[in-house]
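Notes for the one structure printed next.
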Amino acid sequence: MTKALAPIRRGFFSRFWKQILIFLSVFGPATITAISDNDAGGVATYSIAGAKLGYPILFLLLIITFLLGVTQEMGMRLAVITRKGLADLIREKFGVRTALFMFGALLIANLGVLITDLSAVKTTSRMLNLPAAP
């Protein structure tokens, strides 16, 4: 009787592990993206929001992580199917002017994040009585 159940169990476990691997392949990049967004400005914002609003907004973390996973998965599908990057697809669909505007705005936002990160390094070095970075 155990020989008859062996293929069923083996099939169940292989399907189970396949589903787990699919879940982790989508959830893994989302988790990495969610963790990588914890820069100095983000930590300060999270701390202030947590101090003022408390635990009731904690459920948003689950929603945001899910949305990051969906975004990563959509970007991955676009890249795999079209074999083009985001800039190429935006340029083809909306034109060069729109692409330049969008990536110019992205450049400005990233420069702002870089400035806040560098100011956090300088502030932290002052707090710890370390030599300040120039």
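The values are calculated or read from the model by the stated rules, or taken from the named source; none is laboratory data. All values reported here derive from a predicted model rather than from experimental measurement. Please note: Cβ atoms are built from the backbone with ideal geometry, for glycine as well, and neighbour counts cover all protein chains shown.
Restricting the first member to segment 100-114 and to residues that are outside the structural domain of D39 (by TED's automatic domain parsing) and surrounded by 10 or more Cβ atoms within 10 Å (Cβ to Cβ), and the second to residues that are in a helix (DSSP H, G or I) and of a type outside the set (G, A, S), the beta-carbon pairs closer than 7 Å and six or more apart or on different chains are M102/I90.
Among the residues of segment 72-83, those that are surrounded by 13 or more Cβ atoms within 10 Å (Cβ to Cβ) and without any contact (Cβ under 8 Å) to a residue 12 or more places away in the chain comprise G75, L78, A79.
Out of everything in segment 84-99 that is assigned to a helix (DSSP H, G or I) and charged (D, E, K, R), what residue ends up being surrounded by the most Cβ atoms within 10 Å (Cβ to Cβ)? Checking each candidate, the answer is R91. Applying a threshold of 6 Å to beta carbon distances and a minimum spacing of six or more residues, or different chains, the list of pairs starting in segment 42-70 at a residue that is of a type in the set (V, I, T) and ending at one that is in a helix (DSSP H, G or I) reads T65/A30; T65/A34.
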